[in-house]
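Take a look at the following structure, please.
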Amino acid sequence: MKLTLWELVKVNLLPAGLDFVSCAAFTFIVPSLMSSDLQSDTVGCVLACGPLLAMIVGPRVGAWSDNCQSRHGKRTPFIFCISLIILLALLMIPYSSVISQVLPEKYSGLFHLGVLFSGIVMLDSCVSLCYTPFEALLDDLYESKGFVQRAFGIKSLMVSAGGALAYLFCSLDLKNFWLSTFLGGADKLLFLTLFSVYALLVMISMASIRASTFTDNEGNPQGLISISALSTMILRAPLVILKIPAAIRMLFCSIAEMIRSLFMMPNMFHRLWFAHFCGWMGLMNLITYYTEYVAEVIFEGDPSAEVGSEPRNLYEEGIRYGSIGLFLQNIVAIVCAFYAEDIIKFMGRRNAFVYSCVSFSLASAAIFVCRSVPVVIGATSLTGFLLAALQVLPYSLLSQYHKEAKTNAVGEESIYERGLCEMYALLDSAYYLSHMIPIAIVTTLLTITKSPLSYAACSAIFGCLGVIASTQVHYDRIDYIRYLS
């Protein structure tokens, strides 16, 4: 069977939509929370809850997906249901103040924060969770035909394209659009745009998967939620309160099961997991706090200044320039992802991974030292090499481990016989954890130093850890045979 580039692009519109939503939403959310009256500890806890929930629930979702016998496929039901929660969160965040008005005024403020924080956690966790069944779906579709590395390369390209468009969109001054005034604010325009774009991309991606010659029953969400089923769910919604104790028990069981599963994995997996973790830890620290860093350090703006004052205008201009830097980061990642197979053939997997970590460390150091806007933005664009590498190499390596283990099933390698989606979920736990550790470290450093320089310093340190960890990964059959011996 022939696999066309156009088919891969259409299938991978889903991860493009996920990254578009995540990057655009949190480019707005993080500065808004940091410039509010909330304490930095509270903001850090809210931002950490989403990845924590995804890390705990991810392996359980992966196991459910591996054992799913639905006529709609093994992966589609989970992708579709998680996408519905994402769409709900995109409405909860901008309209949290409107929703809170259903309660008396003395309770509305607290309820407003509850709805807002719930929407942020739901969005962050579900965007992360949705990647796991989709990655397993790509492996299901293309691994047996030898197209899995190409599929993950195009996935990386589409993720970067979604991020690039998101940052380009956020670099615009949405307050000056007439539609912003009509809808009631720039935040509502932003999130309603994200809602519309994501809903459209999910439908196109599902239709492309259903039409693919590589699958029989995936990509068909029709009938998953009927009118009768939806009405039953609405009537039973109040009974969810009675399920809270069971949900808490399941949460703790999931934590214990995830930790046990990670410790049971072979040493090869542990090395790959740690390199994946260190690479993403540096990147996520940079992406999460970059616009704030540019606005406060490079442009010397003040988020707490009065609206319309010069320090506040400099801060908002810095946010927009920071978005341009992240846009260029994704452009570089798009180019690297498009030529991923050629780069890997030319450099080899080991050199591609190690050099991407080295380039990130040097770029992070330049961002920390320099105060020139062009230099900082140029250095930021170079980090796109690592962004592309982390979205391709760890997953193709894990697929290779899984395939080699079936061929040479000896000793501890038989552990790889667990479901593939669960394996990807365990690897993705490094990605989820990479959100939380930087937030905890940076929040602590901010409390101690009171300086936003902590953002860039942490990225450079995490990048150096990534360089060390990337040299310890098993990349090819020679490493694999040496490990078995």
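Regarding segment 312-331, can at least one residue be identified that is within 22 Å of ASP173 (Cβ to Cβ), surrounded by fewer than 18 Cβ atoms within 10 Å (Cβ to Cβ), modelled with pLDDT under 85 and of a type in the set (Gly, Ala, Ser)?
no
How many residues, within segment 167-192, are in contact (Cβ under 8 Å) with a residue 12 or more places away in the chain and assigned to a helix (DSSP H, G or I)?
Qualifying residue count for the region: 12.
Name the residue, out of LEU157, LEU174, LEU192, that is under 22 Å from the mean Cα position of the chain (by Cα) and either at pLDDT below 85 or farther than 21 Å from LEU88 by Cα (or both).
Answer to the check: LEU157.
Take CYS81 and tell me if it is surrounded by fewer than 19 Cβ atoms within 10 Å (Cβ to Cβ), farther than 15 Å from VAL121 by Cα and touching a Leu at 6+ places or on another chain (Cβ under 8 Å).
Here the answer is yes, as CYS81 does meet what is asked.
Here is a check on your reading of the model: is ALA246 more than 29 Å from CYS23 (Cβ to Cβ) and at pLDDT 60 or above?
yes
Quick check on segment 428-469: of everything there that is out of contact with any helix residue (DSSP H, G or I) (no Cβ under 7 Å at 6 or more places or on another chain) and not in a helix (DSSP H, G or I), which residue is surrounded by the most Cβ atoms within 10 Å (Cβ to Cβ)?
SER451
Across segment 341-396, which residue is nearest to PRO452 (Cα to Cα) among those that are among the small types (Gly, Ala, Ser) and not in a helix (DSSP H, G or I)? Explain how you work it out, then say what you get.
Of segment 341-396, the ones among the small types (Gly, Ala, Ser) are 348, 352, 356, 359, 361, 363-366, 372, 378-379, 381, 384, 388-389, 396.
Imposing the further condition that a residue be not in a helix (DSSP H, G or I) reduces the set to 348, 372.
Values: GLY348: 38, SER372: 16 Å.
For segment 341-396, the residue satisfying everything is SER372.
May I pose another question? Can you tell me how many residues in segment 286-309 are touching a Lys or Arg at 6+ places or on another chain (Cβ under 7 Å) and not in a loop (DSSP other than H, G, I, E, B)?
Residues in segment 286-309 being touching a Lys or Arg at 6+ places or on another chain (Cβ under 7 Å) and not in a loop (DSSP other than H, G, I, E, B): 1 in total.
Quick test for you: out of ALA54, ALA48, pick the one residue that is in contact with a Phe, Trp or Tyr (Cβ under 8 Å, 6 or more places away or on another chain) and assigned to a helix (DSSP H, G or I).
Working: ALA48 fails: in contact with a Phe, Trp or Tyr (Cβ under 8 Å, 6 or more places away or on another chain).
Selected residue: ALA54, the only one of ALA54, ALA48 that is in contact with a Phe, Trp or Tyr (Cβ under 8 Å, 6 or more places away or on another chain) and assigned to a helix (DSSP H, G or I).
Further question: Among the residues of segment 129-165, which ones are surrounded by fewer than 24 Cβ atoms within 10 Å (Cβ to Cβ), in contact (Cβ under 8 Å) with a residue 60 or more places away in the chain and either among the polar types (S, T, N, Q) or touching a strand residue (DSSP E or B) at 6+ places or on another chain (Cβ under 6 Å) (or both)?
GLN149 - this is the single residue of segment 129-165 that is surrounded by fewer than 24 Cβ atoms within 10 Å (Cβ to Cβ), in contact (Cβ under 8 Å) with a residue 60 or more places away in the chain and either among the polar types (S, T, N, Q) or touching a strand residue (DSSP E or B) at 6+ places or on another chain (Cβ under 6 Å) (or both).
From PHE346, PHE353, grab the single residue that is of a type in the set (Phe, Trp, Tyr) and surrounded by 15 or more Cβ atoms within 10 Å (Cβ to Cβ).
Details: PHE346 fails: surrounded by 15 or more Cβ atoms within 10 Å (Cβ to Cβ).
Being of a type in the set (Phe, Trp, Tyr) and surrounded by 15 or more Cβ atoms within 10 Å (Cβ to Cβ) holds for just one of PHE346, PHE353, which is PHE353.
Determine whether segment 126-140 contains at least one residue that is of a type in the set (Asp, Glu) and in contact with a Phe, Trp or Tyr (Cβ under 8 Å, 6 or more places away or on another chain).
Step one: list which residues in segment 126-140 are of a type in the set (Asp, Glu), which gives 135, 139-140.
Applying the additional criterion that residues be in contact with a Phe, Trp or Tyr (Cβ under 8 Å, 6 or more places away or on another chain) yields 135, 139.
There is at least one residue in segment 126-140 that is of a type in the set (Asp, Glu) and in contact with a Phe, Trp or Tyr (Cβ under 8 Å, 6 or more places away or on another chain).
Here are some conditions: (1) closer than 28 Å to GLN149 by Cα; (2) buried (at least 21 other Cβ atoms within 10 Å of the Cβ); (3) hydroxyl-bearing (Ser, Thr, Tyr). TYR339 meets all but one. Which one does it not meet?
For TYR339, the exception is condition (2).
Here's another thing I want to ask about it. Sort out which residues of segment 330-357 are touching a residue at least 12 places away in the same chain (Cβ under 8 Å), hydrophobic (A, V, I, L, M, F, W, C) and under 24 Å from PHE274 (Cα atoms), and write them in order of number.
Passing the criteria: ALA333, CYS336, ALA337, ALA340, ILE344, ALA352, PHE353, VAL354, CYS357.
Here is a follow-up. Please go through segment 62-76 and pick out each residue that is at pLDDT 80 or above and buried (at least 21 other Cβ atoms within 10 Å of the Cβ).
GLY62, SER65, LYS74, ARG75, THR76
Next up: Mind listing whichever residues of segment 68-123 are touching a Lys or Arg at 6+ places or on another chain (Cβ under 8 Å) and in contact (Cβ under 8 Å) with a residue 24 or more places away in the chain?
Within segment 68-123, PRO94, TYR95 qualify.
The values are calculated or read from the model by the stated rules, or taken from the named source; none is laboratory data. Quantities reported herein were computed from a predicted structural model and do not represent experimental measurements. Note that we place each Cβ from the backbone using ideal geometry, even for glycine, and neighbour counts take in every protein chain shown.
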